[in-house]
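K.L.:
Below you'll find the structure I mean.
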């Protein structure tokens, strides 16, 4: 006997993601799914963002790694609330993992929640976590040719952060060529250029976050 | 790369569907995979063989329908399938392309006994 199924294979993940989204939205929290290669500067960007938004937005972090709690400890030492998820070999975060992590956070004390995905430009693109926005970081030493190599991730981003721009004179990253290819593929994303060393660009990025937080809260009010 | 977790979800989904229909065995699974997902048939097959042991889906045949990546040129409207190497519009060479197909990842049907 044939049974017509016509269901998304990731249906179960998508349903939990939707629960996460509703919970986060009801708590007025803007969740950002932060995706990039390993070593592109996700944790550094978060630390600088917290500093930049001090007194204006309370930031917490769900830290996804294959193993270790190095990043969560680093954030903790800087006084940033962080919950570590170890995927135990898994190459991406799933909505259920985020759901469990949310239970360990005091949601009434958070404005912006960074979900730092496992460093990987492929797999995280397939899994909705219930985030409000997706942000992709690309560091200049990785090269400007990445969007067409990893089209799924780059086409999904609401913002693209080029990090380590202080290395531009040394690494041959063509920012204009990158922008042309990336924006050809993704018209909706805002592009930022930041450096963790000089602090360049962090202010614009912080402003974009606050603007979007405002948008989320305004749309919540309209719905009520 | 993430075929293991996709295959686990696939197995949960079809076991659930078979149980709802009161079936005791799944003999065939028809799956649709878009190229954008990066999911590789053979990896799913290998994972499935392992994961489905001692379940009603053990020994089921997996059939895949692959949907190619499809893009539309925002400049001239031409619809095309970009190759692995070339994303420019073949008509007007523009890089202004939006992805319009290839994100599929679903189970079309199963055959149960």
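Every number in this text was worked out from the coordinates using simple rules, so none of it is lab data. Since we're looking at a predicted model, the values are computed, not measured. Counting neighbours? That spans all protein chains shown, and the Cβs are built from the backbone with ideal geometry, glycine included.
K.L.:
For the stretch A:16-109, what does the relative contact order come out to in percent, with C-alpha contacts under 8 Å and a separation of six or more?
P.N.:
Computed value for the stretch A:16-109: 30 percent relative contact order.
K.L.:
Take the Cα gyration tensor of the stretch A:101-174, multiply each eigenvalue by 5, square-root it, and list the three semi-axes largest first, rounded to whole angstrom.
P.N.:
28, 16, 10
K.L.:
Considering all alpha-carbon pairs of the stretch B:64-113, what whole percent are spaced by more than 15 angstrom?
P.N.:
Here the tail beyond 15 Å accounts for 50 percent of pairs.
K.L.:
Per residue of chain A, what 222 nm ellipticity follows from adding -39500 (n - 2.57) for every DSSP H run with n ≥ 4, rounded to the nearest 500?
P.N.:
Using -39500 (n - 2.57) per qualifying helix, the result is -11500 deg cm²/dmol.
K.L.:
Using a Gaussian network model on chain B with a 10 Å cutoff between Cα atoms, which of B:17, B:49, B:86 fluctuates the most?
P.N.:
Top of the fluctuation ranking is B:86.
K.L.:
Only bridges with both residues in the protein assembly as shown count here: give the DSSP antiparallel percent, nearest 5.
P.N.:
The answer is about 35 percent antiparallel.
K.L.:
Once the Cα atoms of helix B:3-20 and of chain B are each reduced to a long axis, what angle between those two axes, in degrees from 0 to 90 to the nearest 10, is obtained?
P.N.:
The two axes meet at around 50 degrees.
K.L.:
Here is a follow-up. So for chain B: antiparallel DSSP bridges make up what percent, rounded to the nearest 5?
P.N.:
Here the antiparallel bridges make up roughly 65 percent for chain B.
K.L.:
Just the Kirkwood number for chain A, please: inverse of mean 1/r across all distinct Cα pairs, in Å, one decimal.
P.N.:
18.0 Å
K.L.:
Angle check, please: helix B:41-51 long axis (alpha carbons) against the longest principal axis of chain B (alpha carbons), in degrees 0 to 90, nearest 10.
P.N.:
Relative to chain B, helix B:41-51 is tipped by roughly 20 degrees.
K.L.:
Thinking of the stretch A:91-224 as a set of Cα atoms, what percent of all their pairs are more than 27 Å apart?
P.N.:
Across the stretch A:91-224, Cα pairs with separations above 27 Å total 26 percent.
K.L.:
Another question, if that's okay. How high is the relative contact order of chain B? Use alpha-carbon pairs under 8 Å, at least six apart in sequence, and give a whole percent.
P.N.:
It comes to 36 percent, rounded to a whole number.
K.L.:
For the stretch A:31-140, what is the convex hull volume of its Cα atoms per residue in Å³? Walk me through the intermediate numbers first.
P.N.:
Values: hull volume 10.7 nm³, N = 110.
So the per-residue Cα hull volume is 98 Å³.
K.L.:
In whole angstrom, note down how far apart the Cα centers of the stretch B:84-100 and the stretch A:11-57 are.
P.N.:
32 Å
K.L.:
Here's another thing I want to ask about it. Using a Gaussian network for chain A with springs between C-alpha atoms less than 10 Å apart, which of these wobbles most: A:38, A:141, A:169?
P.N.:
Of A:38, A:141, A:169, the Gaussian network model singles out A:169 as fluctuating most.
K.L.:
Would you mind telling me which residue in A:96, A:55, A:206 has the biggest mean-square fluctuation in a Gaussian network model of chain A, where springs connect alpha carbons within a distance under 10 angstrom?
P.N.:
A:55
K.L.:
Give me a single rounded figure for A:6-18: the average over its residues of other chain Cβ atoms within 10 Å of their Cβ.
P.N.:
Details: counts 5, 7, 6, 19, 8, 7, 5, 3, 1, 0, 0, 0, 0.
Rounded to a whole number, the mean comes out at 5.
K.L.:
For chain A, what's the relative contact order in percent, using C-alpha pairs closer than 8 Å and at least 6 residues apart?
P.N.:
Rounded, it is 25 percent for chain A.
K.L.:
Next up: Within 10 Å of each Cβ in peptide B:95-107, how many partner chain Cβ atoms are there on average? Round it to a whole number, please.
P.N.:
Taking all residues of B:95-107 together, the mean is 4.
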